[in-house]
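Engineer: My questions will all concern the structure given below.
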Amino acid sequence: MGWEMTLQRWREFTRSETGGTASLTVAVLTALIWSNTSLGTYEATWSARLSVTVGPYALGLTLREWINSGLMALFFFLVGLDARRELDMGELRDRRWVLLCAIGGIGSMAAPALIYLSFNAGLPSAHGWGVAMSTDTAFALAVLSLVGSRLPASLRAFMLSISVMDDVVALVVIAVFYGQGFRALPFLVASGAAAVIVCMRLANFRSGVVCCAVSLVMWCALLKAGVDPVVTGLTVGLLVITAPAGRDDLERATGLVRNFREQPTAELQQTAVRGLVAAISQNDHLQSKFTPWVNCAIVPLFAVANSGVPLGPGTVVAAFTSPITWGIVCGYLVGKVIGVVGSLSLVTALSGGRLRPNVGWGAATVGGAVSGAAFTVSLLIASKTFTGSDLAYARTAILSTVVGAMVSGRITTGVIQLMAPRRRARALLGRARPLTDLVTPVDAIRDRIRGPVDAQITVVEYGDFECPHCGRAEPDLLDMLAGGDDVRYVWRHLPLPDVHPHAQQAAEAAEAAGDQGSFWEMHDLLLRHQDHLAAADLVGYAEQLGLDVERFRQHMRARRGLRRIEEDVSSAELSGAVGTPTFFINGRRHYGSFDSDALTSAVRLARQRLLARKASSTVRAGSPDGT
């Protein structure tokens with residue numbers, strides 16, 4: 001049991017941003033120690049040439065090139081999966097936000113590149129402007145987590161959206177400006193392979209072996225065409241659709257697991273596993289499968305191969321007298337802030353406020369500051385652009401930006417925390433209205449509401465009385481309601497009869513009690529006694545509450561609560577809620593854990609949004625033109 005828990009925690013660690021950042025940090029330190037103790041063996045190892053020959057065809061690359069152009073295609077595959085997830089389920093569902101993020105991403109890359117060129121104008125090193133562009137998302141989010149404990153969760157979504165566009169643009173730059181002589185025929189072959197993958201996706205053909213084979217053809221063709229083949233990963237990842245598990249798929253998977261439970265054979269075990277995999281989106285499945293390998297193997301290996309640089313006093317002094325170093329450092333630490341805040345402010349002004357980020361100017365400034373952390377893509381472009389001492393200077397500058405981003409982010413966050421609460425809320429959250437995930441709004445007359453009916457914060461739970469997770473969340477919800485008079489709680493039924501056979505009957509019992517004005521009393525009893533929800537138990541609870549038992553029985557026999565329950569289930573499906581518990585806070589779906597800290601944090605964010613909105617209303621009311 002202890003080994004199983006340890007293995008589970010290790011898997012969670014390798015899939016987390018913390019695990020990826022830790023592995024990357026260890027890899028960088030390894031490269032620095034290796035290169036500073038034995039530079040000759042370091043360079044000899046990664047410059048060793050490896051060739052693959054199949055019949056008359058041969059492909060030879062250095063070990064560093066196999067990593068940079070081969071294994072890193074899997075890194076960009078995950079970038080593509082993340083981008084597609086944001087397009088299907090995240091902030092990028094709002095296509096106006098796509099436009100805003102595209103402009104913000106381009107601005108956050110153009111400003112650093114221009115600053116780099118101002119330092120290197122007229123020099124051969126000017127060709128390396130692409131090094132000073134792309135943020136390393138893993139390091140940036142790690143820095144954000146260190147400096148931003150009181151920053152809104154929407155800032156992370158904002159940075160992810162900008163980073164997606166950042167990575168896409170960076171990959172286009174690599175393919176167009178840092179290729180090695182374009183050749184048309186191999187490119188046409190690569191385009192044909194991409195078309196085959198598109199057709200496979202449209203036909204919902206999910207053979208991983210065939211997709212990998214076609215992707216390999218595309219990778220080889222792009223390499224021969226003179227285009228960096230890592231674009232293969234991004235292309236394939238963008239085609240993998242993200243869709244929430246459907247109720248029918250989940251019920252089918254439950255049936256397969258039940259069959260295995262009744263007859264545990266190897267054949268039924270394999271069938272059940274395939275059914276469970278098919279029940280979730282392929283995007284989620286592939287992210288879960290490849291993230292540990294990319295986080296803890298591929299990216300660290302890339303870091304070891306590319307971040308080794310001598311750090312002797314003479315080398316460091318020489319680096320910081322080079323325009324390459326200053327162009328990269330100033331480009332990232334100054335240009336990212338200018339690019340992010342400037343481009344978003346310009347778009348907001350030109351659109352008359354119709355396009356605005358989901359965070360305030362203060363949070364956007366923090367985002368720009370921590371975006372000054374360069375690494376993966378920058379090292380990739382540096383290895384294609386520079387050699388010798390120039391490459392060492394570029395690597396030194398790239399490593400310096402991580403420390404600089406941390407200091408800059410800490411200073412920016414500290415300044416914002418010194419502001420008055422209302423002004424700080426507006427600076428962090430802005431005036432944009434977040435996307436609403438709850439399709440059916442709360443009706444004060446129809447819905448079951450606990451707390452002040454006119455409260456400004458609404459927590460909606462789709463729940464199942466037999467679901468143990470709903471039972472465990474209940475005490476935390478009661479504590480949250482006791483903590484303030486500005487929160488109301490709404491229960492909507494989502495019984496899952498395929499896994500909880502008594503859930504439907506319990507939901508109807510709650511409605512029967514509600515017919516006598518005792519819905520919440522019955523609600524609490526049912527969640528406290530989830531293992532005793534048979535018909536006799538339900539009648540006993542009615543007696544315990546002092547209800548008219550005969551009236552309760554008649555309500556149950558006539559199934560008068562069925563229509564309300566079906567309406568709740570229908571609204572859950574429209575809002576993408578297929579499991580329990582599913583929470584919506586002020587219409588926005590809550591992702592993550594359901595413990596007291598997580599729910600309280602989500603409610604606190606909703607309060608900050610309200611405070612920011614009030615601050616914005618005060619500013620508009622006080623301005624001469626009312627804007």
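The values are calculated or read from the model by the stated rules, or taken from the named source; none is laboratory data. In this text the structure is predicted, and so the values were computed from the model without any measurement. Ideal geometry is used to build each Cβ from the backbone, glycine not excepted, and the neighbour counts take in all protein chains shown. The accessibility values were calculated without ligands, DNA or RNA, using every heavy atom of the protein model including side chains. Shrake-Rupley method; radii C 1.70, N 1.55, O 1.52, S 1.80 Å.
Engineer: Per residue of the stretch 540-556, what does 6.51 cos²θ - 1.76 cosθ + 1.60 with θ = phi - 60° give for ³J(HN,Hα)? Whole Hz please, x for Gly and Pro, Karplus curve as stated.
Structural biologist: Result, ordered by residue: x, 5, 4, 5, 4, 7, x, 7, 6, 5, 5, 5, 4, 4, 4, 4, 5 Hz.
Engineer: Calculate, axis by axis, the spread of Cα positions in the stretch 528-586 along the three principal axes, and write the results as whole Å, longest axis first.
Structural biologist: Over the stretch 528-586, Cα extents along the principal axes are 37, 25, 21 Å.
Engineer: To the nearest 500 deg cm²/dmol, what mean residue ellipticity at 222 nm is calculated for the chain from DSSP H runs of n ≥ 4 alone, each contributing -39,500 (n - 2.57), summed and divided by the residues?
Structural biologist: -21000 deg cm²/dmol
Engineer: Enter the angle in degrees (range 0 to 90, nearest 10) between the Cα long axis of helix 336-350 and the first principal axis of the Cα atoms of the chain, meaning the one along which they spread out most.
Structural biologist: It works out to around 60 degrees.
Engineer: Could you let me know the centre-to-centre spacing of the stretch 347-400 and the stretch 505-548, using Cα atoms, in angstrom?
Structural biologist: Each part's Cα centre sits 57 Å from the other's.
Engineer: Rounded to the nearest whole Å³, what is the per residue volume of the convex hull around the Cα atoms of the chain? Don't jump to the answer; show the numbers that get you there.
Structural biologist: Values: hull volume 123.2 nm³, N = 627.
Hull volume normalised by residue count: 197 Å³.
Engineer: Quick one: helix 596-622 against the long Cα principal axis of the chain, what's the angle to the nearest 10°, folded into 0 to 90?
Structural biologist: Helix 596-622 and the main axis of the chain meet at about 80 degrees.
Engineer: Taking all pairs of distinct Cα atoms, average 1/r, flip it, and tell me the Kirkwood hydrodynamic radius of the stretch 342-399 in Å to one decimal place.
Structural biologist: After inverting the pairwise mean of 1/r, the radius is 13.8 Å.
Engineer: Right, next: Given a 1.4 Å probe, how much area per residue of the chain is accessible, in Å²?
Structural biologist: Working: 28850 Å² over 627 residues.
The answer is 46 Å² per residue.
Engineer: Using only the alpha-carbon atoms, how far is helix 562-574 inclined from the longest principal axis of the chain? Give it as 0 to 90 degrees, nearest 10.
Structural biologist: Approximately 10 degrees, to the nearest 10.
Engineer: Next up: So what's the net charge close to residue 555: Lys and Arg +1, Asp and Glu -1, counting the other residues with Cβ under 9 Å from its Cβ?
Structural biologist: Net of charged neighbours comes to +2.
Engineer: What is the extension gain from residue 268 to residue 591, computed as 0.36 nm multiplied by their sequence separation minus the C-alpha to C-alpha distance, in nm to one decimal?
Structural biologist: That works out to 113.0 nm of additional length.
Engineer: What ³J(HN,Hα) values, in whole Hz, does the Karplus curve 6.51 cos²θ - 1.76 cosθ + 1.60 give for the stretch 306-316 when θ = phi - 60°, with x put for Gly and Pro?
Structural biologist: Coupling constants for the stretch 306-316: 10, 9, x, 8, x, 10, x, x, x, 5, 5 Hz.
Engineer: Would you mind checking which residues have amide H under 5 Å from residue 62's amide H? H placed 1.01 Å from N; only 5 or more apart, or other chain.
Structural biologist: 50
Engineer: Give me the distance between the Cα centres of the stretch 151-220 and the stretch 48-72, rounded to whole Å.
Structural biologist: One Cα centre to the other: 20 Å.
Engineer: Give me the percent of accessible area attributable to carbon and sulfur for the chain, probe 1.4 angstrom. Intermediate results must be reported in sequence, preceding the final value.
Structural biologist: Details: 17890 of 28850 Å².
That share works out to 62 percent.
Engineer: In whole Hz, with x marking every Gly and Pro, tabulate ³J(HN,Hα) for the stretch 439-445 from phi via Karplus 6.51 cos²θ - 1.76 cosθ + 1.60, θ = phi - 60°.
Structural biologist: 3J(HN,Hα) across the stretch 439-445, in whole Hz: 6, 9, x, 6, 10, 4, 8.
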